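The values are calculated or read from the model by the stated rules, or taken from the named source; none is laboratory data. It should be emphasised that the depicted structure is a prediction, and the values quoted were computed from it without experimental measurement. Virtual Cβ from ideal backbone geometry, glycine too; neighbours counted across all protein chains shown. When the accessible area is computed, the model is the full protein with side chains, heavy atoms only, and any ligands, DNA or RNA have been set aside. Shrake-Rupley method; radii C 1.70, N 1.55, O 1.52, S 1.80 Å.
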Amino acid sequence: AKQVISYLKNENGQRDASKPFFIMVGMNPPHSPYRSLDDCMEEDFNLYKNLPTDSLLIRPNADKKRAKAASAPYYFASVTGVDRAFGQILDCLKELNLDENTIVVFASDHGETMCSQNTDDPKNSPYAESMNVPFIVRFPEKVIPRIDSELLLSSPDIMPTILGLCGLEKQIPATVEGRNYAGRFTGKDSSVPLRQGALYIKNIDGEKDADGKVISYFPVSRGIKTHQYTMSLTIDRKTKELKDILLFNDLEDPYQMQNLPWQENKGIVSDLCKQMVPLLKEADDPWYKEQILKELIPYGKE
């Protein structure tokens with residue numbers, strides 16, 4: 001936050017408001033392993049260190065007996081630190097009279113399972129704790145304050161949407177996969193079709209060179225998140241045959257505690273696989289190019 005503030009202010013503590021700027025701030029915390037004061041400020045940790053684990057890990061799918069449960073106080077302390085730093089940036093914008101004509105976005109690249117779903121991996125899974133991330137936009141008198149529950153925003157949509165809000169919609173490259181939802185944010189144009197599903201991608205390390213460095217990746221899982229369902233298909237590394245399917249009805253089971261047997265829900269799986277095809281094609285994904293699991297996914301019929 002201090003670096004951003006020093007950038008915004010000149011030596012006189014002011015800034016020429018007529019000169020546009022772009023700043024992307026990547027906060028260091030919160031990020032695993034969250035196991036010491038190296039990951040947060042002590043004053044923030046003191047807010048949580050004496051709280052019982054049950055008061056921090058409140059999701060019903062969280063296993064409080066996992067070793068990672070000890071990380072919870074450090075994690076929430078890190079979140080508090082981010083909150084403070086972000087507030088300092090907002091205060092600086094207001095102090096310099098830049099808050100009214102500056103687009104402010106708060107987002108994250110992935111979530112954090114934090115003892116949920118029987119995994120310590122914070123991001124490489126189709127679970128809601130990993131896939132759902134904050135995306136908050138503030139643009140006074142331009143973006144209408146509200147929660148848009150109908151908009152299923154996917155990562156590729158962020159860049160063109162922000163460019164659209166900046167009035168640069170004509171400069172968006174034709175090769176961009178995402179959609180420009182700026183008009184929906186401002187309430188001036190809702191013609192851009194809403195996504196019915198977002199593509200889930202998981203890659204793992206592939207081949208290595210003579211020095212042991214990873215030089216490729218293996219597309220182990222693909223899936224889709226809709227307003228009602230989350231589905232993930234995982235293939236065997238050697239045979240590329242189906243290894244596992246995760247299927248959740250997120251409306252009836254918001255904490256994804258019941259993996260639906262896919263053999264008993266073939267109609268749902270078939271429909272979700274059909275919805276995946278245009279998303280895989282749009283992303284020029286290896287699954288589309290190699291026709292992986294073509295017995296389940298109807299390639300060429302999108």
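Things to note:
- Some residue of segment 76-86 being without any contact (Cβ under 8 Å) to a residue 12 or more places away in the chain, open to solvent by 50 Å² or more (accessible area, probe 1.4 Å) and within 19 Å of the chain's Cα centre (by Cα): yes
- Residues that are in a helix (DSSP H, G or I) and either over 21 Å from the mean Cα position of the chain (by Cα) or without any contact (Cβ under 8 Å) to a residue 60 or more places away in the chain (or both), drawn from segment 274-302: 274, 277, 278, 281, 286, 287, 288, 289, 290
- Segment 1-20 - residue that is surrounded by fewer than 12 Cβ atoms within 10 Å (Cβ to Cβ) and at pLDDT 75 or above and, of those, nearest to residue 82 (Cα to Cα): 3
- Residue 93 fulfils the conditions (1) part of a helix (DSSP H, G or I); (2) hydrophobic (A, V, I, L, M, F, W, C); (3) without any contact (Cβ under 8 Å) to a residue 60 or more places away in the chain except for a single criterion, (3).
- Per-region count, segment 162-193, residues closer than 22 Å to residue 232 by Cβ and open to solvent by 40 Å² or more (accessible area, probe 1.4 Å): 1
- Hey, residue 269 surrounded by fewer than 16 Cβ atoms within 10 Å (Cβ to Cβ), farther than 13 Å from residue 127 by Cα and not acidic (Asp, Glu) or not: no
- Checking residue 274 against (1) charged (D, E, K, R); (2) over 28 Å from residue 178 (Cα atoms); (3) modelled with pLDDT of 95 or more, the condition it does not meet: (2)
- Any hit, segment 55-74, residues being under 30 Å from residue 15 (Cα atoms) and either open to solvent by less than 20 Å² (accessible area, probe 1.4 Å) or out of contact with any helix residue (DSSP H, G or I) (no Cβ under 7 Å at 6 or more places or on another chain) (or both): no
- Qualifying position, being within 20 Å of the chain's Cα centre (by Cα), closer than 19 Å to residue 128 by Cα and open to solvent by 80 Å² or more (accessible area, probe 1.4 Å), among 247, 233, 251: 251
- Some residue of segment 207-222 being modelled with pLDDT of 95 or more and open to solvent by 60 Å² or more (accessible area, probe 1.4 Å): no
- Yes/no for residue 197 being touching a helix residue (DSSP H, G or I) at 6+ places or on another chain (Cβ under 8 Å), open to solvent by less than 30 Å² (accessible area, probe 1.4 Å) and not aromatic (Phe, Trp, Tyr): yes
- Cβ pairs under 9 Å, 6+ apart, first in segment 147-174 and more than 19 Å from residue 191 (Cβ to Cβ) and in a helix (DSSP H, G or I), second open to solvent by 90 Å² or more (accessible area, probe 1.4 Å) and at pLDDT below 95: 155/109
- Residues in segment 91-105 that are open to solvent by 30 Å² or more (accessible area, probe 1.4 Å) and either among the hydroxyl-bearing types (Ser, Thr, Tyr) or at pLDDT 95 or above (or both): 103, 105.
- Exclusive hit being in contact (Cβ under 8 Å) with a residue 40 or more places away in the chain, out of contact with any Leu (no Cβ under 8 Å at 6 or more places or on another chain) and closer than 26 Å to residue 158 by Cα, set 134, 140: 140
- Selected residue (criterion: surrounded by the most Cβ atoms within 10 Å (Cβ to Cβ)) from residues of segment 106-131 that are assigned to a strand (DSSP E or B) and touching a residue at least 40 places away in the same chain (Cβ under 8 Å): 116
- Residue in segment 176-183 that is assigned to a helix (DSSP H, G or I) and either touching a helix residue (DSSP H, G or I) at 6+ places or on another chain (Cβ under 8 Å) or more than 18 Å from residue 101 (Cα to Cα) (or both) present: yes
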